[in-house]
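To start, the structure under review is shown below, and the notes come after it.
The values are calculated or read from the model by the stated rules, or taken from the named source; none is laboratory data. It should be emphasised that the depicted structure is a prediction, and the values quoted were computed from it without experimental measurement. Cβ atoms come from the backbone with ideal geometry, glycine included; neighbour counts cover every protein chain shown.
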Amino acid sequence: MRHGAGNPRARTAFLYHDFFLEHHTGWKHPEKSARLTAVMDRLRTDGLLDRVLRLTPVEATPETVALVHDPAYVADIEARGAAGRLFQADADTVGSPATYRAALLAVGAVTAAIDAVFDGTAQNAFCAVRPPGHHAEHDRAMGFCFFNNVAIGALHARQRRAVSRVAIVDWDVHHGNGTQNAFYADPSVLYVSTHQFPLYPGSGRRSETGEGPGLGFNLNIPLAAGSTDTDYLAAFRDEIRPAIARFKPDLILVSAGFDGHRDDPLASMRLTEQGFADMTRELTALAATHCGCRLVSVLEGGYHLPALAAAVSAHIAALLEASA
């Protein structure tokens, strides 16, 4: 990791690498390089890139990825990209020669952000990465995702930063099946998801609450199509706040998908930029109360380019507000 431009005194870190744009998925695919181009252009226009601490990630090692994923699966993604053409990892998930390195950089961004908040370099951080991660399972790609960035980050924090408890809050419009499955029997990680239901991938029912020692540490909050800012904030007030207060995490990770926006083509929610900013404020307040402000947010979905860019801008502005 190295410092880039931006404000070296900022307490909100921003992690990004141009190589994320090299992960190609085909010109019709919704998870495309233009997503990050739109985000970066909007952040420049809004003056936010000058206000954050810019950090450039380095690639995670395969051993770090193997904290969550089968090493044979990791090696298979590397080999398929090395063939030099686009490849279909599952029905929805397309890779290219650059995918393996981009996915390693995405994981590296998350682990570097976690290190930054524990080293005191920053209070909170946003990782503008692709490919996204929360659908990726132990041994297969799924839902545009190859490596589960947030799940690997949680285990990095647990195993390499001596963290006892990690809370993951996933507000992507799609349920994070891969993250849930990674920690379904693990009481050291609280997984909380708000998501449209029913919708892809079909998991995320209220009855899915964990198993064995992890029973009660998995909280799904399925929401009906058409849910608004008010509905999401009620979920935060009535369920997420008390769950995190009981759990008392040492770190909060956010699977920050912006496909719940009212303009997004892949779902039917009615969130606005203000809603994303308000949810961010809820989580930064919880982080301030329970874990020394340590919060790392990671880009997941969001497929209407102007809506994605505006929502990310509002999210980062709220992170900056909290770290001022």
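Observations on the structure shown:
- Residue list for the range 140-171, filter: out of contact with any Pro (no Cβ under 8 Å at 6 or more places or on another chain), of a type outside the set (Val, Ile, Thr) and within 22 Å of Ala243 (Cβ to Cβ): Asn148, Ala151, Gly153, Ala154, Leu155, Ala157, Arg158, Ser164, Asp170, Trp171
- Subset of the range 138-147 (residues that are buried (at least 24 other Cβ atoms within 10 Å of the Cβ) and part of a loop (DSSP other than H, G, I, E, B)): Ala141, Gly143, Phe144, Phe146, Phe147
- Residues being among the hydrophobic types (A, V, I, L, M, F, W, C) and farther than 24 Å from His315 by Cβ - total across the range 39-59: 1
- In the range 1-32, residue nearest to Leu48 (Cα to Cα) [restricted to those that are among the small types (Gly, Ala, Ser) and at pLDDT below 95]: Gly6
- Test: Ala38 is of a type outside the set (Val, Ile, Thr), free of Cβ contacts under 8 Å to residues at least 40 places away in the same chain and part of a helix (DSSP H, G or I): no
- Test: residue in the range 84-94 that is out of contact with any Cys (no Cβ under 6 Å at 6 or more places or on another chain) and in a helix (DSSP H, G or I): no
- Ser203 being of a type in the set (Gly, Ala, Ser), crowded, with 21+ Cβ neighbours inside 10 Å and at pLDDT 95 or above: no
- Only listed residue being surrounded by fewer than 21 Cβ atoms within 10 Å (Cβ to Cβ), of a type in the set (Ser, Thr, Tyr) and either within 17 Å of the chain's Cα centre (by Cα) or farther than 16 Å from Arg130 by Cα (or both), chosen from Thr37, Thr61: Thr61
- Which numbered condition Ile252 fails, given (1) out of contact with any Phe, Trp or Tyr (no Cβ under 6 Å at 6 or more places or on another chain); (2) in a loop (DSSP other than H, G, I, E, B); (3) closer than 21 Å to Asn149 by Cβ: (2)
- In the range 197-219, the residues that are farther than 17 Å from Gly178 by Cβ reach residues that are of a type in the set (Val, Ile, Thr) and surrounded by fewer than 18 Cβ atoms within 10 Å (Cβ to Cβ) with C-beta atoms within less than 7 angstrom, at least six apart or across chains, in these pairs: Leu215/Thr209; Gly216/Thr209.
- Members of the range 41-62 that are outside any loop (DSSP other than H, G, I, E, B) and over 14 Å from Ala13 (Cα atoms): Asp41, Arg42, Arg44, Thr45, Pro62
Each row is one residue, and each column tells you yes or no for (1) free of Cβ contacts under 8 Å to residues at least 24 places away in the same chain; (2) more than 26 Å from His315 (Cα to Cα); (3) buried (at least 24 other Cβ atoms within 10 Å of the Cβ); (4) among the hydroxyl-bearing types (Ser, Thr, Tyr).
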residue: Thr121; (1), (2), (3), (4): no, no, no, yes
residue: Cys127; (1), (2), (3), (4): no, no, yes, no
residue: Pro132; (1), (2), (3), (4): no, no, yes, no
residue: His135; (1), (2), (3), (4): no, no, yes, no
residue: Asn149; (1), (2), (3), (4): no, no, yes, no
residue: Ile152; (1), (2), (3), (4): no, no, yes, no
residue: Arg165; (1), (2), (3), (4): no, no, no, no
residue: Val189; (1), (2), (3), (4): no, no, yes, no
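- Odd one out for Ile316, checked against (1) out of contact with any helix residue (DSSP H, G or I) (no Cβ under 6 Å at 6 or more places or on another chain); (2) of a type outside the set (D, E, K, R); (3) surrounded by fewer than 23 Cβ atoms within 10 Å (Cβ to Cβ): (3)
- When Asn181 is tested against (1) surrounded by 22 or more Cβ atoms within 10 Å (Cβ to Cβ); (2) under 17 Å from the mean Cα position of the chain (by Cα), only condition (1) is not met.
- Looking across the range 267-303, the residues that are surrounded by fewer than 24 Cβ atoms within 10 Å (Cβ to Cβ) and of a type in the set (A, V, I, L, M, F, W, C) come down to Ala267, Ala277, Ala285, Leu286, Ala288, Cys291, Cys293.
- Any hit, the range 257-271, residues being assigned to a helix (DSSP H, G or I) and in contact with a His (Cβ under 6 Å, 6 or more places away or on another chain): no
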